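The values are calculated or read from the model by the stated rules, or taken from the named source; none is laboratory data. No experiment lies behind these values; they were computed from the predicted model shown. When we count neighbours, we look across all protein chains shown, and the Cβ atoms used for this are built from the backbone with ideal geometry, even at glycine.
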Amino acid sequence: RAKAEGRNTYRFFEARMGAEVRERRMIEHDLRHAIARDELRLVFQPQKDIQNGTIIGFEALLRWRHPLRGEISPDVFIPIAEESDAIIDIGAWVLRTACREAATWTKPLMVAVNVSAVQLYNTNFVSEVHQILLDTGLPARRLELEITETALVRDFNRALAALRLIKTLGVHIAMDDFGTGYSSLSNLRAFPFDKIKIDGSFVRAVNSNGQSATIVRAVLGLGRGLGLPVLAEGVETSAEMQFLRDEECKEVQGYFVARPADIASFRSLTHGDVRDDVVQDLSATRAQ
Ligand code: C2E
Ligand code: MG
Ligand code: MG
Ligand code: MG
């Protein structure tokens, strides 16, 4: 009987593997047409300076509505796009769309764009960034590229060369998801980062998990020591916000401030005066 069960488990496993492989192939195939079929769009999430209460910019986040499957999470399709090199075209589309959008804002806010390792290692990347800035008219200082450490470990020298060139354009660079993956303190010193983004998984546990609180404090101390501003991602509650304020964290991003949304819903922030009471209103509408 144990043997039969084992065999059934194996068959079940095999069938599931088959389904996963088919799913992957479907995504890989359909992604190639996603731009042409107008299935991609960007949502934006505000980044707030908690020392002075102002909005400093927005992170652009990619969304894909598949005609049959509905919304597919970037956590699912970005890794597939990276393996199939579709990320090169998609990444260029994201960068161009985000810069074009930010160039229309009357407030000189930052726009942060996620860049994958595959894009960074592409020899055309830096000239592409430069060309997009020229085409859209967005000043380089208003663009920030968010790069994860995983992107840097594959080829240290090449990554360093690319990031240095990007810096000479005047574009900012943030280390995304700090604390996860291949975190190495020497990366912070070696690469020309302008900002550290602490991963939301640490931030969301600060009030329930002593270790997370210790880690967040340590990263904030590291940022202070290195002269790098630290942004805490994934802030969902007022208790987390209070902790970060007490620890003198400079910037936050998360559902507590606002969920990522169509940029039109942030018009009062991107155009005209940036007032803190507008942000308060937004956080009052957040989902519980
Ligand atoms: P990320 O760059 O670390 O982006 C932050 C993620 O956390 C976003 O998920 C955002 O919607 C989510 N988030 C923000 N605030 C909160 C919060 O308070 N609580 C919780 N639970 N989550 C929050 P999203 O949009 O699903 O994106 C997931 C990841 O996909 C991103 O992580 C980024 O690594 C990748 N990604 C998204 N757009 C792009 C893109 O245009 N290019 C590349 N290369 N990667 C992208
Ligand atoms: Mg990011
Ligand atoms: Mg992140
Ligand atoms: Mg992430």
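Looking across region 166-189, the residues that are surrounded by fewer than 18 Cβ atoms within 10 Å (Cβ to Cβ) and in contact with a Ser or Thr (Cβ under 9 Å, 6 or more places away or on another chain) come down to Thr180, Gly181, Tyr182. Among the strands (runs of 3 or more DSSP E) confined to region 15-122, the ones with at least 1 residues that are farther than 27 Å from Val153 by Cβ and away from ligand 2 (no atom under 16 Å from the Cβ) are located at 40-49, 55-66, 70-72. Among the residues examined, Asp38 does not qualify as on the phi > 0 side of the Ramachandran plot and modelled with pLDDT under 95.
Checked against the criterion of being in contact with a Ser or Thr (Cβ under 8 Å, 6 or more places away or on another chain) and within 16 Å of ligand 1 (Cβ to nearest atom), the candidates Ala162, Ala151 yield just one match: Ala151. Of (1) more than 16 Å from Ile198 (Cα to Cα); (2) of a type in the set (A, V, I, L, M); (3) assigned to a helix (DSSP H, G or I); (4) modelled with pLDDT of 95 or more, Val278 satisfies all except one. Which? Exception for Val278: condition (4). The set of residues in region 190-215 that are surrounded by fewer than 16 Cβ atoms within 10 Å (Cβ to Cβ) and either in a loop (DSSP other than H, G, I, E, B) or more than 16 Å from ligand 1 (Cβ to nearest atom) (or both) comprises Ala190, Pro192, Asp194, Asn207, Ser208, Asn209, Gly210, Gln211, Thr214. The residue that is nearest to ligand 3 (Cβ to nearest atom), among those in region 130-163 that are more than 20 Å from Leu109 (Cβ to Cβ) and charged (D, E, K, R), is Glu149. Applying the selection to region 63-91, what residues are surrounded by fewer than 22 Cβ atoms within 10 Å (Cβ to Cβ) and either in contact with a Pro (Cβ under 9 Å, 6 or more places away or on another chain) or basic (Lys, Arg) (or both)? Selection gives Arg63, Arg65, Arg69. Checked against (1) modelled with pLDDT under 95; (2) under 30 Å from Asn122 (Cα atoms), Leu62 meets all criteria but (1).
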